[in-house]
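Here the structure comes first, spelled out in structure tokens, and everything after it is commentary.
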Number of protein chains: 2
Amino acid sequence: MLPVASLEEEFSQITEYFSPRVIAEANGQYFKIAKMKGEFVRHNHENEDEFFYVIKGVFCLRYDDGSEARLSAGQCHVTPRGVWHHPYAPDEAWVMFVEPAETLHTGSVESALSRSVESQTAHLKS
Amino acid sequence: MLPVASLEEEFSQITEYFSPRVIAEANGQYFKIAKMKGEFVRHNHENEDEFFYVIKGVFCLRYDDGSEARLSAGQCHVTPRGVWHHPYAPDEAWVMFVEPAETLHTGSVESALSRSVESQTAHLKS
């Protein structure tokens, strides 16, 4: 029996902001969720696009040209590869995002908020 | 300014069941939505996994081993490559699904419900 995942249940397992949790894999892409609140690290991914879909709250991506993508629940957005983005959430937001399995979520930027791919998938092995 | 898409608005443009509408592309994957109601075509995709996420209603995938994945709103599921699946929705369901851009949504099966990739992306060119 192939598994069915409930996002509500998956989010209930998350205790830390900006710490991605992988909920599915398909075609080399990881489907991840995270609770976001406050400022994340400005970063880019040289070779990988990033798809975002907001489940709850408001999630924003600021770009270097001064533009901002402001996503409410039910809205989606793609940050193209190479483009520097500075994510933040004014209050707690629940976000699903999709990127290649090898993508580092803080891109080329190493930060206290960086989480290894191993930590993002640790619950799948327990 | 990179676009933000509202799923509610995108769904409002759909007038036909089982007719996929591409809402985003990232890393060679198409993010599609469809309204489902009734029986779809049993099919498989030899080389492509398929990710499903239900926005509204109940959407089911029946497998040849007799098992069934029954997804309610907020639930997701992956049909692995090669696996025959028979989708259906007891009542209208709104589904987001993700698959490689080249994937045919009825797989190797040609049916009256088959829609070309061109028809799934026609609104992007208008």
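Count Lys and Arg as plus one, Asp and Glu as minus one, and take only other residues whose Cβ is under 13 Å from that of B:PHE59; the net charge is then 0.
Mean residue ellipticity at 222 nm, helices only, chain B: -3000 deg cm²/dmol; runs of at least 4 DSSP H residues each add -39,500 (n - 2.57), and the sum is divided by the number of residues. Note on A:GLU102 and B:TRP84: their simple-model spin labels are 3.6 nm apart, each label 7 Å out from Cα toward Cβ. Within the shell of other residues whose beta carbon sits under 9 angstrom from the beta carbon of B:ILE33, the net charge comes to +2, with Lys and Arg scored +1 and Asp and Glu -1.
When A:LEU71, B:LEU124 are sorted by how many other C-beta atoms sit within 10 angstrom of their C-beta, beginning with the fewest, the order is B:LEU124, A:LEU71.
Net charge of the neighbourhood of A:SER12, taken over other residues with C-beta under 15 Å away and scored Lys/Arg +1, Asp/Glu -1, is -2.
Using the Cα centre of the protein assembly as shown as the reference point, and only Cβ charges (+1 on K/R, -1 on D/E), how large is the resulting charge dipole? Debye, rounded to the nearest 20.
Computed about the Cα centre, the dipole is about 420 debye.
Of the GluC sites (Glu not before Pro) in region B:30-113, which ones lie in a loop per DSSP and count no more than 11 other C-beta atoms within 10 Å? Answer by residue number: B:GLU46, B:GLU102, B:GLU110.
With the simple spin-label model, which puts each label point 7 Å out from Cα in the Cβ direction, the A:GLU25 to A:ALA112 separation comes to 3.2 nm.
Principal axis extents of the Cα atoms in region A:1-64, from largest to smallest and rounded to whole angstrom, are 46, 27, 16.
Mind checking Rg over Rh on region B:9-126, alpha carbons, Kirkwood formula for Rh?
Working: Rg = 13.1 Å, Rh = 14.2 Å.
Ratio value, two decimals: 0.92.
In nanometers and ordered shortest first, the copy-to-copy spacing of the B:SER119 label point, defined 7 Å from Cα toward Cβ, is 4.8.
No value in this document is a laboratory result; all are computed from the given coordinates. Predicted, not measured: the structure shown is a model, and the values here were computed from it. Neighbour counts are summed over all protein chains in view; Cβ atoms, including those assigned to glycine, are modelled from backbone coordinates with ideal geometry.
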